[in-house]
Amino acid sequence: MRIFIFLLFFLALVSVKGQSPLVAQDSSAQKRWVEERYGNMTLEERLGQLFMVMVASDNKASEEKAKGLVQEHHIGGVIFSTGGPVRQAKMTNELQALSKTPLLVGMDAEWGLSMRLDSTFAFPWNMTLGAVQNNAIIERIGQQIGKHSKRLGVHINFAPVLDININPKNPIIGNRSFGEDRENVTQKASALMKGMHSGGILSCGKHFPGHGDTATDSHHALPIIDFSKKRLDSIELYPYRKLIDQGLNSVMVAHLGVPNLEIDKKLPSSLSEQIVSVILKEQMKFKGLVLTDALNMKGVTEGKDNGDVEVSAFLAGNDILLMPTEVGKAKEKLIKAYKKGRLTEERLAHSVKKILMAKYKVGLNAYKPVKVEGLYEDLNDLQSKIVYEEAMENAITVVKNDFQLLSIKNLENKKIAYVKFGKGDGESFLEEMNRYAEVDEVSALDVVTLKKKLTDYNLVIIGHHTGNKSPWESYKFTEQERRWLRELALEKTSNLVLVSFAKPYALSDVKSFVDVDAVVVAYQNSIVAQKKTAQLLFGAIPAHGVLPVSVHPEFAVNSTCQLSSLQRLGYSIPERVGMSSEKLREVDRLVKNGLDSLMYPGAQVLIARHGKVIYAKSFGSPTYGSNIKVDGRHKYDLASMTKILATLPLIMKMEEEDRIELNDTFQELIPEYAETEIA
């Protein structure tokens, strides 16, 4: 019996590996739909399906051009660039209404729709996720990205990025990579892919055969990946083989010079039949969609006439020609190649039918317009905020912790200063630290004055804050900051903690960390990242993150100092602990009613569950007539708290046990006082 079950499992596994990742569950109906659609198309309509053009919802000229291409050239799809979600939804509906065959809509949404659109949710960058050890969190992020994409009418997300970022100077990948360890990159990419699939969209691995170990941006020139076949097979191609076996829907081929895979050293990988058809499709047995990277990039267009690149890319084995320079010219040259026999009907049918299969798989056989109502709320949902918090809590990485300085203990003996580096905002970090201890921000125009101001403190926390809008923003310490860090580290009157809210490679330019007592990598400078890092420093949450790249001789890939929680209360949103933000608004109303009826001049309300504070607000003034407002720094003496801390919990318990009713009178509770004045 066990042998029989094993054989069934083995046969099912072989079947999945050998099957096209574009096959839908109702494969017979899918095949009929594809054949019928293809059979009803003219040659020009079939060729049009190969093109996916860029359109921006914040650009009227771009919109009009796209409409013209849909009507005149019957293009197969669009890739949306900049704009806003409502504008894009409306434009999608207009373009789909004009198209004879429903359009395949794509986007670069590597960390969510916010990679391209305003007013949408931004998930952590891949490098941040590379530090997370719980891959289930990555899968949940992928699912949220999938749900958001599908809700907006997007069918294919050009993710996950499979580039292994070995080169710290890589100008275009960097934070977009999960790291430099091939196993970690593969696991994270697999989790994100599975999440996107469960969210209802297609995945796309990029940038084949691997853009991680280069210092050239293919948008401007052709990067050369000059490694041996053995190295390429063991590193760059490794995640593709694994994800192809797991159902990767599509692959995007980069514009790279790979001399050990292509004899013509000047031929970009995207135009190489050897790389696209032989290696990817035959040797690696990939049966999904193959897309070029953008065909308007200089890495592939340099020295070529309009249309030639598109013809070469298609003949090399690509199915979708992404962002062509001139659709009309390219189509004209493809027709000429078809008539001359260079492009056969069999070759054309192979790609167009795959494109139609993909369209069926995402439900375009039963197309419905995008609903604009409630779109903003659906794309900024609470579940996304929850999984973002979980990701940041698990990503923050302690790479050095001398003297077990972290988590910070014995607060009564600490006098703490915060010194801000960088042009980014650090206000949330400082505010959150002040929930746990009195932390003073200290600044000066020169390091001598700064050191003098810090003499009264025995713990100094430096926060290096950079921009958080995109993964390409400047992340390095300035020369002055490196000098100040060195001088502050040499001061032995206090302990020094460095927290970097930036790409981890920021640590690379620091000469030595020998005299820095603790180093924390927070990866990003978002408000959540700042708050969670403060909670970690003070022991409210543990440290589980592992460094995904090598950033310094002292901090190699997979460096980590794991920390346990000190069981201090953390801070989160109500939904993290099974409570409702909406229902907690009733607390606001009740407290304000008390203020209005003069029951008290001011109040503080704190609600915590499962170790997390999920409501902490201050109301009113300390005394009637005072102009001072109650805030989190005000303290109430124990006598004022007795009724709340002692009596109220007992009454609540007795009410739950049906021993009293909330409207009971005093004489009902204590009958012996019924005839007295007290009753």
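The values are calculated or read from the model by the stated rules, or taken from the named source; none is laboratory data. What you are looking at is a predicted structure, and each value in this text was computed from that prediction instead of being measured. Because the Cβ atoms are built from the backbone with ideal geometry, glycine has one as well, and the counts that use them run over all protein chains shown. For the accessible areas, the whole protein counts, side chains as well, though only heavy atoms, and no ligand, DNA or RNA atoms are used. Shrake-Rupley method; radii C 1.70, N 1.55, O 1.52, S 1.80 Å.
In the chain, what percent of the accessible surface is made up of carbon and sulfur (1.4 Å probe, ligands and nucleic acids excluded)? It is 53 percent, rounded to a whole number. What spacing in nm lies between the two simple spin-label points modelled at Met641 and Lys100, each 7 Å away from Cα in the Cβ direction? About 7.5 nm separates the two model spin labels.
The translational diffusion coefficient of the range 458-534, from Stokes-Einstein at 37 °C and 0.692 mPa s with a Kirkwood hydrodynamic radius over alpha carbon pairs, comes to 255 µm²/s.
Top to bottom by accessible area (1.4 Å), largest first, where do Phe513, Phe666 land? Let's see the in-between values first.
Working: Phe513 0, Phe666 95 Å².
Per-residue accessible area, sorted high to low, gives Phe666, Phe513.
Hey, could you get me the Stokes-Einstein D for the range 58-136, Kirkwood radius over alpha-carbon pairs, 4 °C and 1.567 mPa s, rounded to whole µm² s⁻¹? Walk me through the numbers before you get to the answer.
Numbers: Rh = 14.1 Å.
Translational D for this selection: 92 µm²/s.
Among the GluC sites (Glu not before Pro) found in the range 210-313, those both in a DSSP coil and sparsely packed, with 14 or fewer other Cβ atoms within 10 Å of their Cβ, are Glu302.
Counting 0.36 nm for each residue step from Leu606 to Leu43 and taking away their Cα separation leaves a gain of 195.8 nm. Of all lysines in the structure, the ones whose alpha carbon falls short of 24 Å from that of Lys265, not counting any fewer than 8 places away in one chain, are Lys169, Lys206, Lys229, Lys230, Lys281, Lys298, Lys304.
Before rounding to the nearest 500, sum -39500 (n - 2.57) across all DSSP H runs of length at least 4 in the chain and divide by the residue total; then give [θ] at 222 nm in deg cm²/dmol. If you can, show how the numbers build up before the last one.
Numbers: 24 runs with 249 residues, N = 679.
That comes out to -11000 deg cm²/dmol.
Can you pull the one-decimal nm distance between simple spin-label points at Asp664 and Lys453, each 7 Å off the Cα toward Cβ? According to this spin-label approximation, the distance is 5.9 nm. For Ala556 and Asp26, what is the calculated FRET efficiency with R₀ set at 60 Å and r taken between the beta-carbons, to the nearest 0.05? That gives a FRET efficiency of 0.75.
Computed with every protein chain present, the accessible area of Glu657 is close to 80 Å² [probe 1.4 Å]. Rounded to the nearest 20, the Cβ-based charge dipole of the range 108-232 about its Cα centre (Lys and Arg +1, Asp and Glu -1) stands at 340 debye.
Computed from label points 7 Å out along Cα-Cβ, the spacing between Ser621 and Ile386 is 4.2 nm. Summed over the residues of the range 312-430 and divided among them, the accessible surface reaches 44 Å² per residue at a probe radius of 1.4 Å.
Please state the charge dipole magnitude for the range 56-163, taken about the Cα centre, from unit charges on C-beta atoms (+1 on K and R, -1 on D and E), reported in debye and rounded to the nearest 20. Walk me through the numbers on the way to the answer.
On the way: 11 positive and 10 negative charges, 70 e Å.
Dipole of the range 56-163, to the nearest 20 debye: 340 debye.
Please state the relative contact order of the chain as a whole percent: Cα pairs under 8 Å, 6+ residues apart? Over the chain, the number comes to 12 percent.
Our analysis of the range 586-679 gives Rg over Rh at 1.05, with the two radii drawn from alpha carbon positions and Rh computed by the Kirkwood formula.
The residues of the range 95-172 present an accessible area of 26 Å² per residue when probed at 1.4 Å with all protein chains retained. Packing, taken as the mean count of other beta carbons within 10 Å per residue, orders the peptides 576-586, 555-565, 312-322 from highest to lowest as 312-322, 555-565, 576-586.
What does the highest-first list of 331-343, 114-126 look like by mean Cβ count within 10 Å? Mind showing how you got there, number by number?
On the way: 331-343: 15.8, 114-126: 21.0.
Packing proxy ranking, top to bottom: 114-126, 331-343.
Within the full protein context, the accessible area of Lys361 is estimated at about 80 Å² for a probe radius of 1.4 Å. Accessible surface calculations at 1.4 Å, restricted to protein heavy atoms, place the range 14-77 at 51 Å² per residue.
Find out how many positive minus negative residues lie around Gly212, taking Lys and Arg as positive, Asp and Glu as negative, among other residues whose Cβ is under 9 Å from that of Gly212. Numbers along the way, then the final one.
Numbers: positive: none; negative: Asp163, Glu180, Asp213, Glu236.
Once positives and negatives cancel, what remains is -4.
Between the range 230-299 and the range 461-497, what is the C-alpha centre distance in whole Å? After rounding, the separation between the Cα centres reads 40 Å.
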